[in-house]
Amino acid sequence: MEVAVKEKITCYHCGQPCDEEVFLLEDKSFCCYGCKTVYEILNENNLCEYYALDNTPGVNLRHVSDETYAYLDESEIRKQLLEFDSDNFARIRFYVPNVHCISCIWLLENLQKLQSGILKSEVNFSDKRVRIDFNPQQVALSKLAQLLTSLGYAPRINLRRENQAASTSSRQLIIKLAIAGFAFGNVMLLSFPEYLGLNKSDITLQRLFSLLNIALSLPVTFYSGQEYFTNAWKSFKQKQINIDVPIAVGLLALLVRSIFDIITNNGPGYLDSLTGLVFFLLIGRWFQSKTYDSLAFDRDYKSYFPLAVQRWKENEWRPVVVYELAPQDVIRVRNMEIVPADSILKSDVAYFDYSFVTGESKPVKATKGALVYAGGKLVGHPVELVVQKKTVQSQLTSLWNEAAFQKPNESVYKKVIDRAARRFTWIVLVLAVGTGVFWYYYDASQMWLVLTSVLMVACPCALALATPFTYGNMLRVFGRYGLYLKNADVIERMAVINALVFDKTGTVTHGASAVTFKGLLSEQEQGWIKLLASTSTHPLSNLVAQHIKQKSDAELKELKEFPGSGIQAVVAGKNIRIGSATFTGNPVGGEVTSRVFVAVDGLARGYYEIETSIRPEAKGLVARLGSSVKALVSGDQPMEAIRMRAVFPESVQLLFNQSPHDKLNFISDLQKRNYKVMMIGDGLNDSGALQQSDVGVAVTDDTGVFTPASDGILAGHMLGRLDSFLRLAKKSTVILKTGFVISFCYNAIALSVAMSGFLTPLIAAILMPISSVSVVGFTSLAVNWVARKEFKNL
């Protein structure tokens, strides 16, 4: 029942005063119908824990219209906004600037309990974005936006798809910095009577200047320094303590003490130190934001992993790296290859596996003219596509980092930093209180300055920056030299690798010195074999397709590929199979070669004998890696053992006829013996082993095959420098530990000097960002120096 009441009370949901009227429900008051409705929704779904996480966490909801987001259901608008769209699955990413605390995250990640049709929601707090996976048959896009708005998180929608949030935040920081700088300069100027020691005859002027200093200091404290107070207050409400608490306490202490001294004529206060303090703190924050932006930019736009695709140009198909694709380019995607950008299907029909995006492995049928989304994997015969949008590198990287492809290993250094950061602030507060008590009895006139210096100079920022900048810079270096990692955490795991397992085909071997056919095939049948082999991305299939000169315009039907065995299709009414001897029903020969067997309508017709070339750098690499190389695992016949033994010493196991499951089990057995295992393969028949290993690296040579189970993709020509990458990973750990030592020494020395009274708050504010600069500068220089030293011959 809703009853209008006149008394002044606050809303249970948003905390705003109920100026006009009050809506009552279950002895709780609400300022508007929207806030009351949100409470009812949460109450009906047993989600009122939202209010336990934070008092009055909601946002005021007056004047929200039901028709505000109706335009989002128009087809053209949907195409611009949705990252993926199908009959029963769609994905949208909203920018929600009102996300501000743990209760916001908790509620936004439980949207599926509030609205049927929502499959999953995930919040990126730093970007203020929520990603929602939903069933468009059950809930409309406009309904999602309306739901977020009703909860107090109205999405900010930009149809030009420009990210203006970051620029807005940066602009506000610059404005705050400008105000603090202006006030700091003028407070210094107005403090000249004190600096110059003017006599009592100028007391009126001195008094006027002191009052003007207060007027200048108030906007600096409560506007420029607003974020410190806001974050400190939120941490108190959530019963936590963060690094902004001592800063906020120090600023408030300086302001109150200064105003008290000026009003009571006890002195000019410390307003020059206060304004300068905020000014230099904001410079430090600006620097930190710029360095993070730089790191993110390099990750998204410079460290491309080598996903390639065939593009039609100048009357032929040419391989091209995906970030060079442009709208209206015609590309060809083969079986098991990833679609690199949103495209229109040019072929008549195709099936795409969107498990990379949606987690659902059932292939989705697409017909000519249909929109195919980036991240879909082709299942079946090759198709042609017309690119609609440029490849978004960050989108591909985020797909690679989906939770389904993550490994359970948690970063050791992240856990150390998290524990240190939680305890750091309490330690600083205890030291500050002890310092204040000491100086109160030793020299009370200096107590506030010393206390503020202690609160200001201590900073865990350098500690927090050491890990992302060390591993982030090394991630960029690896990408520059041909090893493209999923994320920076992989480097930490690489540093402890003590066992390596190699695949053979496409990894140790590459290309062919000779391809010959032994058997009986007509020219027409050879054209069919070329057509079938060209649909596969397997290295041996590619060699067969390149060898056969005859061409065929026949149509492939019922194309199927069996990993580890072969491929089959119906061509001109004939059932064609190519692959292993068992798969095609061919007798096994004994020559030391790789073979691709052929069968037509169930009859063995012979085989292609391929003398694969061993990568010239493989033997030297294995020798340098020494005892850490444990095995070569291959699905091929053991007839290659003699050649492989010339590369691998007797201590290394050579395992042949290994199925994908056998490879996975071998990796698992090594891990049970406490080995940290790196698996190096081509990503075709060993994705399970790559996923099982501590670090899985897929070796690629101009291919569009992308294995999300891998942790890294290594350009084929850089396989011989794998030992260099492993050494750099170990060196990055040394650099990181050195960064920790620098941070610790800074805080220990700075706190000691501040507690001794030899440090003013202004100098403390300058030193605080300098500590971050020193760590960032050291890690960047050190990483680049060791990388240049390691790759000096390239």
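The values are calculated or read from the model by the stated rules, or taken from the named source; none is laboratory data. Keep in mind that what you see is a predicted model, and the values were worked out from it rather than measured. Here the Cβ is made from the backbone with ideal geometry for all residues, glycine too, and neighbour counts use every protein chain on show. Please note that ligands, DNA and RNA were not included when accessible areas were found on the heavy atoms of the full protein model with its side chains. Shrake-Rupley method; radii C 1.70, N 1.55, O 1.52, S 1.80 Å.
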Considering the stretch 496-557, what Rg and Dmax in Å follow from its alpha-carbon atoms?
15.7, 55
With x for Gly and Pro, the residue-by-residue ³J(HN,Hα) of the stretch 316-331, computed from phi through the Karplus equation 6.51 cos²θ - 1.76 cosθ + 1.60 at θ = phi - 60° and given in whole Hz, is 7, 7, 10, x, 9, 6, 4, 6, 8, 5, 10, x, 6, 5, 9, 10
Dipole moment magnitude, nearest 20 debye, the stretch 550-619 about Cα centre, only Lys, Arg, Asp, Glu C-beta charged:
60
Express the accessible area of the stretch 524-677 per residue in Å², computed with a 1.4 Å probe while the remaining protein chains stay in the model.
47
7 Å from Cα along Cα→Cβ at both LYS560 and SER659: what's the point-to-point distance in nm?
1.6
Can you send over the carbon and sulfur percentage of the accessible area for the stretch 432-562, probe radius 1.4 Å, protein chains only?
55
Taking 18 Å as the cut-off for C-alpha to C-alpha distance, list the pairs among LYS362/LYS560; LYS346/LYS377; LYS346/LYS560; LYS504/LYS792; LYS530/LYS574; LYS731/LYS789 that go past it.
LYS346/LYS560; LYS504/LYS792
Explain nothing, just compute: Karplus ³J(HN,Hα) = 6.51 cos²θ - 1.76 cosθ + 1.60, θ = phi - 60°, for every residue of the stretch 134-151 in order, whole Hz, x for Gly and Pro.
8, 9, x, 7, 9, 9, 7, 4, 4, 5, 5, 4, 5, 4, 4, 5, 5, 7
Could you tell me which GluC sites (Glu not before Pro) in the stretch 533-627 are loop residues by DSSP with no more than 16 other beta carbons within 10 angstrom of their beta carbon?
GLU555, GLU591, GLU617
May I ask you to order 477-488, 74-85 by the average number of other C-beta atoms within 10 Å around their residues, highest value first?
477-488, 74-85
At 7 Å along Cα-to-Cβ for each site, give me the label-to-label distance between TRP426 and ASP553 in nm.
7.9
How much accessible surface does ARG673 have with a 1.4 Å probe, in Å² rounded to 10?
140
